[in-house]
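All remarks here apply to the structure that follows.
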Amino acid sequence: MYTSPSGGTLGKATAVMRALNFYLSEHPVIVSFRWNHALWGSTWCFLFYSISLYFVLSIFLHLILAVLLRRGQRVPLGPLPALHSLSMSLISATIFAGLLLSATSEIRETRWLWRRSKTPLEWLLCFPLGTRPSGRVFFWSYAFYLSRYLHMLSTVAVVLRRRKLVFFKLFYHAISTLMSFLWLEFSQSFQVLAILFTTLAFFLIYGYRFWTSVATTGARLPLVLNCQIMLLGCNLVCHVGVLLLHFFTGGCNGIGAWVMNSVLNGAILMLFMRVYLGRKRKPSKNLGGYGCGENKIARSCSVFGA
């Protein structure tokens, strides 16, 4: 029986899509996921100990390098920063794709429970009261929470390469890890869209860092910065939507954690505006490398996906 080349290609593409859908949203481990304190990193003690250790090790590394090395001398890391950027970009893309497919499946399978009171967009913004942290969506939320610890390695790269400890990065990584934990612990509303926006931003940011570390062309940071500002605007609109839905549709699950999230994002927004306005008044001449002046702006802007 003759099969046209286009038909064979289409069949292979369909098989690949089915396999991806299974491994990203229909695998038994994903479907049967349940957040509990038996999971790695799922206790309050682990969270606070790990954040404290992150602060102590970062400060200790900064001080020990200041004692052992001459001022301005940097530690060569070779391809490690580029590999870290590539891995974080791929991890972010995987979480984005998995969560998108999982949210679609969850809406399709559970819509009969809430279709009279909510639309799919309202469900993404506002979980019904009593929502449990289990199932596909929370599996990828847990994966996102674990990825926050990998993001902390970028602080080590900045300290080693620039010999400078940026306290804004310490604050940002600690707060974003805490908020990712609260999303799971209290089944916070809006976390699906927040993770989608954040992983999309991280995919672009870390992919851009990898490209600039291996390419010979100059940096074009305004493109990344403008993209992040657009994502910031989307997040602010969604936050307003959550607030309106909470008061006019009977309440959203995890609203206390959402309020804390909003307050902390507001504090980080103020810090970002200080950094951004300061750089606008005094442009940086260094456009290359890990942690340059405008790269700091782009990294700061990526905060608001969270």
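Just checking, which of L39, L61, L129 is open to solvent by 90 Å² or more (accessible area, probe 1.4 Å), touching a residue at least 24 places away in the same chain (Cβ under 8 Å) and out of contact with any strand residue (DSSP E or B) (no Cβ under 6 Å at 6 or more places or on another chain)?
Working: L39 fails: open to solvent by 90 Å² or more (accessible area, probe 1.4 Å); L61 fails: open to solvent by 90 Å² or more (accessible area, probe 1.4 Å).
It is L129.
Name the helices (runs of 4 or more DSSP H) wholly within region 1-71 that hold at least 2 residues that are under 14 Å from Y142 (Cβ atoms), modelled with pLDDT of 90 or more and of a type outside the set (F, W, Y)? Let's see the steps before the verdict.
Numbers: elements: 5-21, 28-31, 44-68.
It comes to 28-31.
Quick check: is even one residue across region 80-89 modelled with pLDDT under 90, farther than 29 Å from A194 by Cβ and under 23 Å from the mean Cα position of the chain (by Cα)?
yes
Results for (1) farther than 23 Å from L146 by Cα; (2) outside any helix (DSSP H, G or I); (3) basic (K, R), shown as yes or no for each residue.
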| position | (1), (2), (3) |
| --- | --- |
| V75 | yes, yes, no |
| G78 | yes, yes, no |
| S87 | no, no, no |
| A93 | no, no, no |
| E109 | yes, no, no |
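Please find, among L178, L146, the residue that is open to solvent by 40 Å² or more (accessible area, probe 1.4 Å), part of a helix (DSSP H, G or I), modelled with pLDDT of 85 or more and not β-branched (V, I, T). Explain how you work it out, then say what you get.
Numbers: L178 fails: open to solvent by 40 Å² or more (accessible area, probe 1.4 Å).
None of the other options fit; the residue is L146.
For region 237-260, what are the residues that are surrounded by 14 or more Cβ atoms within 10 Å (Cβ to Cβ) and modelled with pLDDT under 80?
T249
Do we have S141 as open to solvent by less than 10 Å² (accessible area, probe 1.4 Å) and hydroxyl-bearing (S, T, Y) here? Break it down stepwise before answering.
Values: open to solvent by less than 10 Å² (accessible area, probe 1.4 Å): yes; hydroxyl-bearing (S, T, Y): yes.
Yes, satisfied.
Quick test for you: out of F55, F48, pick the one residue that is open to solvent by 60 Å² or more (accessible area, probe 1.4 Å), out of contact with any Cys (no Cβ under 7 Å at 6 or more places or on another chain) and in contact (Cβ under 8 Å) with a residue 12 or more places away in the chain.
Details: F48 fails: in contact (Cβ under 8 Å) with a residue 12 or more places away in the chain.
Only one candidate passes the filter, namely F55.
Going residue by residue through region 33-50, is there one that turns out to be closer than 22 Å to L100 by Cα and touching a helix residue (DSSP H, G or I) at 6+ places or on another chain (Cβ under 7 Å)? I'd like the intermediate steps shown before the answer.
Start the filter on region 33-50 by keeping residues that are closer than 22 Å to L100 by Cα, which leaves 33-35.
Those still in the list that are touching a helix residue (DSSP H, G or I) at 6+ places or on another chain (Cβ under 7 Å) too: 33, 35.
Yes, there is a match, as at least one residue in region 33-50 is closer than 22 Å to L100 by Cα and touching a helix residue (DSSP H, G or I) at 6+ places or on another chain (Cβ under 7 Å).
The values are calculated or read from the model by the stated rules, or taken from the named source; none is laboratory data. For clarity, every value in this text was computed on a predicted model and none was experimentally measured. When we count neighbours, we look across all protein chains shown, and the Cβ atoms used for this are built from the backbone with ideal geometry, even at glycine. The area values use the complete protein model at the heavy-atom level, side chains included, leaving out ligands, DNA and RNA. Shrake-Rupley method; radii C 1.70, N 1.55, O 1.52, S 1.80 Å.
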